[in-house]
Structures are given as C-alpha cells and as structure tokens.
Amino acid sequence: LQAHPSTAPSLTASYARAEHEPGAKIAAMAPLGHARGSVNAVVLPDGQGYLQSRLPALPRGEVYQLWGVSGTSVLSLAVLGGDPRVAAFSASTGTGLNELMITVEKAPGVAITSHVPVVAGPLTATA
C-alpha cells in the first residue's frame, strides 16, 4: 500500500480537521532506541488516517513503512517513502487499532516486517 499522494497544504489541513472529529484516535509516535524524529498521526472511526512526520530523510532504496497493531496482529497500512512530511493512509481495521509504528524497509516495502520500529505510539481517544 502506498500513502495517498496529495499536496502537503491540503493534507496538513485534513490532519488538523481530523484531530477534532468525534471518535478520532491520536498517536504521538516517539523514537525508539537510537532513532531520531517523531510522528503524529490521527485515525478516524472509518479508518481514514493522516500523519505528520519529523523523521530524517532515508538513503535511496529505503522507505518508511507504517504499521497498525490490533491485538497481536501487525498490519501494513502504508509505504511512506524515504522523506515523508505529511501523508494520508487507510486502516481497514479502523478503531480496532491500538498502536501505530513505523519501520525502515528496503524499497518498495514489505508485507511482513522483521525490523524494530524507529517510532511507535499507542492510539488514544481524543478528548
């Protein structure tokens, strides 16, 4: 799955609107280990999601990949590319997700990861 292409300003506005939607869940993904950067994401009850990234650019041939955790299942949600700033994604499991994480993978991405996440965070309901 590729992240949905769009212009950064419209995705940034969509992210801001989504944060205030009833039933939205937010994840503030923090770096793990020696990783740098952070990612904030929001997932709406219908599974539509948006993220804003402060991850460093990757070398050519590597991509960031977004994963959703639902119980013990880890599902690929989107391949974000090597230098994501804002992105939209779809999570068919919607509100069943309890955590988001991002790994670094070889392009074009993988179906199942064997890598430790560079950032991760729980999905929590907005106030």
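Some values worked out for this structure:
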item: Extension gain (nm, one decimal) between ARG85 and ARG36, 0.36 nm per residue minus Cα-Cα; result: 16.2 nm
item: Selection of trypsin sites (Lys or Arg not before Pro), the stretch 9-71, meeting DSSP coil and at most 12 other Cβ within 10 Å; result: ARG36, ARG60
item: Tensor-based shape of the stretch 88-127 (alpha-carbon gyration tensor, a/c under 1.5 rounded, otherwise prolate or oblate); result: prolate
item: Pair GLU19, ALA111: separation of 7 Å Cα→Cβ label points (nm); result: 3.8
item: Paired Rg and Dmax values of the stretch 29-74, which use every Cα atom, in angstrom; result: 12.6, 35
item: Per residue accessible area of the chain, 1.4 Å probe, in Å²; result: 51
item: Along each principal axis, Cα extent of the chain, largest first, Å; result: 38, 35, 25
item: On Cα atoms only, tilt of 8-19 relative to the major axis of the chain in degrees; result: 50
item: Carbon + sulfur, % of accessible area of the stretch 9-116 - ligands and nucleic acids excluded, 1.4 Å; result: 56
item: THR12 accessible area, 1.4 Å probe, all protein chains in place, Å² to nearest 10; result: 60
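The values are calculated or read from the model by the stated rules, or taken from the named source; none is laboratory data. Keep in mind that this is a model prediction, so the values were computed, not measured. Every residue, glycine as well, gets a Cβ built from its backbone with ideal geometry; the counts of neighbours run over all protein chains shown. Accessible surface is based on the protein model in full, side chains and every heavy atom, while ligands, DNA and RNA are left aside. Shrake-Rupley method; radii C 1.70, N 1.55, O 1.52, S 1.80 Å.
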